[in-house]
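The values are calculated or read from the model by the stated rules, or taken from the named source; none is laboratory data. Since the structure is predicted, the reported quantities are computational estimates derived from the model, not experimental observations. Because the Cβ atoms are built from the backbone with ideal geometry, glycine has one as well, and the counts that use them run over all protein chains shown. The accessibility values were calculated without ligands, DNA or RNA, using every heavy atom of the protein model including side chains. Shrake-Rupley method; radii C 1.70, N 1.55, O 1.52, S 1.80 Å.
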Amino acid sequence: MTSAQVWIAGGHQSDFSRNITREGLDIGDLTAEVATHTLDDAGIAAGDIEVVHVGNAFGQLYTGQGHLGAMPASMIPELWDVPATRHEGACASGSLAILAAMADLESGRYDTALVVGVEVEKTVPGDIGTNYMSPAAWVGREGQDAKYMWPYMFSRIADEYRDRYGLDPAHLWSISELNIRNARRNPNAQTRSRHYSPESFTADDIENPLVEGSLRRIDCGPLTDGAAGVVLVSDRYAERNPAFDARPRSRILGWGHRTVGLSLDDKLARSSGDALMFPHLRDTIDDAFGRAGLRGVDEVDLIETHDCFSVSEYLAIDHFGLTEPGGSWRAVESGDLEIGGRMPMNPSGGLLGGGHPVGATGVRMALDCHRQVTGTAGAYQVDGARRAATLNFGGSTTTTVSLIIG
């Protein structure tokens with residue numbers, strides 16, 4: 001009999017402020033470190049893992065290393081012979097690895113899965129590294145005139161949002177300020193010790209210069225090295241191991257996964273008559289709510305959402321249904337997104353504050369939600385959190401995944 005329930009037994013995140021290359025380490029060392037600590041936190045031996053899934057988006061470009069599904073076995077002898085797969089879906093790679101591991105457990109094929117998301121991005125100067133991510137767009141068909149592909153693409157999204165609904169850039173800078181402020185509570189956040197002046201969150205061309213189009217430096221997530229891992233187990237495993245009940249654990253209550261075409265122009269054309277700019281994104285969220293048996297956003301206690309750029313979180317607000325379409329500014333101005341507000345968003349610091357090692361982000365989001373609902377999030381704990389949602393997307397919302405964890 002197959003199980004419809006998948007549990008998160010534990011996990012680990014590296015310090016996203018580190019520069020792995022300067023430490024004399026490589027992607028294999030980082031994978032081994034996070035996998036080992038993940039297993040320790042879950043209380044499960046490496047020899048008891050039956051399948052491994054690795055999320056990584058740009059390994060060959062930043063490090064020259066491909067075939068990363070084999071990296072855990074290369075570094076941890078007990079994982080030799082364990083089936084493993086690498087998953088690539090741009091910034092959603094880690095979430096895709098989780099979905100694949102869930103399917104393995106739900107099918108009855110395996111009962112324990114190690115999921116690791118890993119990315120090393122600081123191997124090259126920032127301008128080169130930024131352009132290494134360009135293949136997540138439609139190469140040769142969009143962004144040909146951009147200096148920096150993704151600031152350009154999300155500037156286009158911000159401009160489209162402004163044209164449809166109106167958009168005050170001060171609301172975007174408020175999102176960045178909140179996430180950087182939340183990150184100061186997070187001991188693994190990339191920006192936790194960085195200094196920002198008040199002018200960093202304004203149109204000051206010195207402290208907050210334009211990067212591409214209408215987006216400024218504070219709107220853009222910086223390059224990050226990092227990894228995160230979780231161990232997933234089935235009901236069958238839990239039933240065979242009574243001691244599992246005594247450990248902090250959470251359950252993946254629901255999930256959504258949608259993929260649309262690469263082209264941003266195609267997405268915007270298809271939604272021209274829709275109330276929301278990216279209806280497939282809302283459909284992904286609704287799929288997760290429906291599978292979790294929830295009626296809507298007010299039945300979760302916090303959200304970890306994709307904020308590779310400030311506008312990414314801005315559009316998530318109304319797509320989650322926190323406001324009417326085009327009304328995301330209301331949640332920003334009201335304080336709804338603060339820890340202690342109606343719907344804390346990115347209490348971890350998210351991507352803008354916490355860091356965005358691309359292949360690790362979806363796993364990190366799930367881990368932070370696990371910590372929140374088990375009361376182990378430390379200084380950025382949301383009081384009384386019982387259910388949490390993630391929203392993770394790759395490209396210009398091309399691949400979208402949402403999880404509900406409780």
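Figures for the structure shown
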{"item": "Column: log10 I(q)/I(0), Debye, Cα scatterers of the stretch 15-124, q = 0.10, 0.12, 0.18 Å⁻¹", "result": "-0.27, -0.39, -0.87"}
{"item": "Degrees between helix 279-292 axis and first principal axis of the chain (Cα, 0 to 90, nearest 10)", "result": "30"}
{"item": "Inter-centroid distance (Cα atoms) of the stretch 142-204 relative to the stretch 57-116, Å", "result": "31"}
{"item": "Sequence of K147, K122 when ordered by accessible area, the most exposed leading, probe 1.4 angstrom", "result": "K147, K122"}
{"item": "Extreme residue, positive dipole direction of the stretch 197-246, given options L215, L232, A243 (C-beta unit charges)", "result": "A243"}
{"item": "H370 accessible area, 1.4 Å probe, all protein chains in place, Å² to nearest 10", "result": "10"}
{"item": "Angle between the chain longest axis and helix 169-183 axis [Cα atoms, degrees, rounded to 10]", "result": "30"}
{"item": "Antiparallel DSSP beta bridges within the chain, percent to nearest 5", "result": "70"}
{"item": "Along each principal axis, Cα extent of the stretch 243-339, largest first, Å", "result": "53, 33, 26"}
{"item": "Volume in Å³ per residue [convex hull over Cα atoms, computed for the stretch 115-270]", "result": "187"}
{"item": "With DNA, RNA and ligands ignored, accessible area of T259 (1.4 Å probe; Å², nearest 10)", "result": "90"}
{"item": "Sparse-neighbourhood loop sites, GluC sites (Glu not before Pro) in the stretch 6-112 - DSSP loop, at most 14 other Cβ within 10 angstrom", "result": "E23"}
{"item": "Value of [θ]222 nm, deg cm²/dmol, for the chain, DSSP H segments ≥ 4, -39500 (n - 2.57) each, nearest 500", "result": "-10000 deg cm²/dmol"}
{"item": "Pairwise centroid distance, computed over Cα atoms, of the stretch 340-359 with the stretch 35-53, Å", "result": "26"}
{"item": "Using alpha-carbon coordinates, inclination of helix 27-42 to the longest axis of the chain, degrees", "result": "60"}
{"item": "Chain lengthening between A203 and D15 when straightened (0.36 nm per residue, less Cα-Cα)", "result": "64.6 nm"}
